[in-house]
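A quick write-up on the structure given underneath.
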Amino acid sequence: MASESDLQEMFQYFRIQKLLNEEAKCLDDWRLQDWLSLYTEDASYYVPPTDIAAAEADPTKHLYYIADNRGRMEERVTRLEKKTCHAEFPRSKVQHVVSNIVVNDSLENGRLSVSASFVIYRSKNGSTDMFMGSYLYELANIEGQLRICKKMCSLALDGLRPQAKISIIL
Amino acid sequence: METPYIIDDRDGGRFKVARETFTSQEVFEKERDLIFQNCWLYLGHESELKEASAFVARTVADQNILFVRGRDNVIRALFNVCPHRGSTVCREKRGKAKTFQCMYHGWVFKNTGELAHLSGENAYSKDFKEGDESNLRPVPRLEQYAGFYFICFNKDVEPLEDYLAGSKEYLDVVSAQSAQGMEIIGGTQEYSIQANWKLLVENSVDGYHAESTHATYLDYLMNTNGGLTATRLAGKGYDLGNGHAVIEYSAPWGRPVAQWIPMWGEDGKKEINQVYDELVGRVGAETAEKIATKNRNMIIFPNLVVNDIMAITVRTFYPTSPNSMMVNGFAMGVVGESDWRREYRLSNFLEFIGPGGFATPDDVEALEQCQNGFKSAANAPWNDISKGMKAAVPSFDDELQMRAFWREWNRRVSEFEEK
């Protein structure tokens, strides 16, 4: 028999999985405003460098690939929605695969820390780029909804070769 | 190639470049032998080796080089290749090490390059270890200017300072940003582009493409600063000799040294004013104004870009085939700058530059689309870079910079044929 706490844990896991899957679907469908709506007002989105260990990397001290606060996340979406965003016009085909979700210990600020693995395919101009790595999320309950406060995408890549750019949202 | 590489018609005001120079295997091999073998190539910055025994293992023009400050505090460039059987000796990207051991047969080298331990030494002749031949081989030439270290594989090359010609003055402008010195900030943007390396040379000093290629970036500046500041894109282009060139211009973006934008708020304004005042006190009003408010995109022939724009990027790249290149991009900052300034410098860097920025991905798209277009080189053979050729004072958005590069490129690659 599952105990009450097991059931709670399963329910929480289900909610997390649902949120992450929903995020992936928004990105694959290019519903970027919907993607933004999954994030809190103080959210941030990071892609650390590939030559510094994830545990040591700090966006105020190291050069990242992406270090967006909420304002810049919105600007990123605005840009991606324009035809003059040449790298993504015509839009690439994108497929996010998210798996290996692990719920870490709760953070001091009451937020949930969640890790997951990703593989992302981006296809355009007759070639397909692959991005793989792990997500580290901070999630919070906002008015009964699970929302993303922070997302860090650590690439399991030795540089962006041959991808050259991260013109999609990871 | 049967046609000339370039057509340089100064009287007629036309400058053409054969597209085959971007696609030909023969040209790629000539570049390898005549340009990358004979020119000074950027290796790294002194700030990357702050302490004795610090090292960085780097690939320069497809060769593995160890950039190392030895236990004797001397900075060296060594081929990261075992003198025994050729294996790469150091396989970590950076760190601190007193010795390096080759994984293959266990030879150990001091970080000065000297062979320290020869496994199975008894089987070798007595003086085997003594000669230079069993040490890590130094790159024939290593020299520095303003903390920028360059190597050359040709021992007879002219001194670095002569080679750098007019570009020295602009490296000085970068160094003069701070009394404490400049440093490379940790974290490298490592990427490759499926395009010929010369496309990135052209693109890095191209003032003409900003308004169309980077329309979304200019939109972003306008959105985030409540309309563009009064500063418009305007300036000049300069040929610095020996294939080096720079554009110097004003622009609407913020600069950590020292042009404030509304997005940075009142705290930022205070900070930026302090930076500006310190500059005026140290270098005088005229130079301070130039350092603080002018942007500079510079190419040092053949493959170093130092762009002092919304942040400073040091970028180097080399071809891996006619239609692909490896790129390493670094951010440079002021030693000991405040947390605020470092954070905004990095933030400013990322809004434009690099694989995840609001601009570089569109440059990459443009370069790859050009390379794609060059597949028609046999039928549509010429690129044009004539803009501003007859101008008395070339504008920053003319193509003087590219012509300066291509004239030097052509001189070096054609030399072979004349012999």
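The values are calculated or read from the model by the stated rules, or taken from the named source; none is laboratory data. Predicted, not measured: the structure shown is a model, and the values here were computed from it. Glycine also receives a Cβ, built like all others from the backbone with ideal geometry; neighbour counts cover every protein chain displayed. These accessible areas exclude ligands, DNA and RNA; they are computed on the full protein's heavy atoms, side chains included. Shrake-Rupley method; radii C 1.70, N 1.55, O 1.52, S 1.80 Å.
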Find the cysteines in chain B that fail to meet the 4.7 Å Cβ criterion with every other cysteine, and list them. B:C39, B:C90, B:C152, B:C370
Ignoring ligands, DNA and RNA, what accessible area per residue does the range B:276-414 give at 1.4 Å, in Å²? 31
Keeping every protein chain in place, order A:D68, B:D132, B:D8, B:D127 by accessible area at 1.4 Å, biggest value first, i.e. largest first. B:D132, B:D127, B:D8, A:D68
Relative contact order for the range B:101-176, counting Cα pairs under 8 Å that sit 6 or more residues apart, in percent: 18
Among B:N38, B:Q25, B:F15, flag the residue with its Cα farthest along the positive direction of the charge dipole of the range B:1-64, charges on Cβ as +1 for Lys/Arg and -1 for Asp/Glu. B:F15
Positive dipole terminus of the range A:4-155, leading residue within A:Y64, A:Q8, A:L139 (C-beta point charges): A:Y64
Chains B and A: accessible area buried, summed over both chains, 1.4 Å probe, nearest 100 Å², reads 3200
May I have the convex hull volume per residue, in Å³, for the Cα set of the range B:170-235? 187
Find the relative contact order for the range B:35-109 and round it to a whole percent, using C-alpha pairs within less than 8 Å whose residues are 6+ positions apart. 23
At a 1.4 Å probe radius, carbon and sulfur cover how many percent of the accessible area of the range A:4-155? 49
Got a sec? Charge dipole of the range A:4-155, +1 on Cβ for Lys and Arg, -1 for Asp and Glu; which of A:N125, A:T50, A:S113 is way out at the positive end? A:N125
Buried by at least 50 Å² relative to the chain on its own: which residues of the range A:36-70 qualify, computing accessible area with a 1.4 Å probe on protein heavy atoms? A:D51, A:T60, A:L63, A:Y65
Please compute P(r) over all alpha-carbon pairs of the range B:41-156, binned at 5 Å starting from zero, and give each bin as a whole-number percent. 2, 12, 23, 24, 19, 11, 6, 2, 1, 0
For the range B:289-306, 3J(HN,Hα) per residue [Karplus equation, 6.51 cos²θ - 1.76 cosθ + 1.60, θ = phi - 60°, Hz, x = Gly/Pro]: 4, 5, 4, 7, 10, 9, 9, 9, 10, 10, 10, 9, 4, x, 9, 10, 10, 10
28 Å tail of the calculated P(r), chain B, as % of Cα pairs: 52
I'd like to compare B:190-203, B:287-300: which one has the highest average count of other Cβ atoms within 10 Å, and what's the full order after that? B:190-203, B:287-300
In terms of modelled amide H atoms, which long-range or inter-chain residues lie less than 5 Å from the amide H of A:Y39? A:I148
Whole-Hz ³J(HN,Hα) for each residue in the range B:359-368, computed from phi via Karplus 6.51 cos²θ - 1.76 cosθ + 1.60 with θ = phi - 60°, x for glycine and proline: what do you get? 10, 3, x, 6, 5, 4, 4, 4, 5, 5
Lys, Arg +1 and Asp, Glu -1 on Cβ, resulting dipole of the range B:110-156 about Cα centre, debye, nearest 20: 120
Charge dipole (debye, nearest 20) of the range B:72-148; +1 at Cβ of Lys and Arg, -1 at Cβ of Asp and Glu: 380
Averaged per residue, the 1.4 Å probe accessible area of chain A, protein heavy atoms only, in Å², is roughly 48
Rg [Å, one decimal], Dmax [Å, integer] - the range B:317-419, C-alpha atoms: 18.7, 57
For the range B:169-418, evaluate the Debye formula with one uniform point scatterer on each Cα (no solvent term) and list log10 I(q)/I(0) at q = 0.11 Å⁻¹, rounded to two decimals. -0.60
Could you give the size of the charge dipole of the range B:169-418 about its Cα centre, using +1 on the Cβ of each K and R and -1 on the Cβ of each D and E, expressed in debye and rounded to the nearest 20? 240
Between beta-carbons, use under 10 Å as the cut-off and find the net charge around B:E399, counting Lys and Arg +1, Asp and Glu -1. -3
In whole Hz, what ³J(HN,Hα) sequence does the range A:55-70 give by Karplus (6.51, -1.76, 1.60; θ = phi - 60°), x for Gly and Pro? 5, 9, 5, 9, x, 8, 10, 10, 7, 8, 7, 9, 9, 9, 8, 4
Of the listed links A:K25/A:K151; A:K165/B:K290; B:K30/B:K387; B:K236/B:K290, those spanning more than 22 angstrom between alpha carbons are A:K165/B:K290; B:K30/B:K387
Threshold 10 Å², the range A:86-112 residues less accessible with all protein chains present than alone (1.4 Å probe): A:H86, A:A87
With a 1.4 Å probe and every protein chain left in place, work out the accessible area per residue of the range B:1-58 in Å², rounded to a whole number. 43
Just subtract the alpha-carbon distance of B:A234 and B:E343 from 0.36 nm times their residue separation and send over the number in nm, one decimal. 36.5 nm
Compute accessible area for the range B:168-193 by itself and then with all protein chains, 1.4 Å probe, and report residues whose area falls by 20 Å² or more. B:G186, B:G187, B:T188, B:Q189, B:E190, B:Y191, B:S192
Reduced to Cα centres, the span from the range B:366-419 to the range A:77-115 in Å works out to 40
Using alpha-carbon pairs under 8 Å, 6+ residues apart, how would you state the relative contact order of chain A in percent? 22
Against the rule of thumb 2.2 N^0.38 Å, how large the Cα Rg of chain A comes out: 1.06
Please compute the Kirkwood hydrodynamic radius over the protein assembly as shown, one decimal place, Å, based on all pairs of different Cα atoms. 25.9
Ignoring any ligand, DNA or RNA, what whole percent of the accessible area of the range B:169-418 comes from carbon and sulfur when the probe is 1.4 angstrom? 50
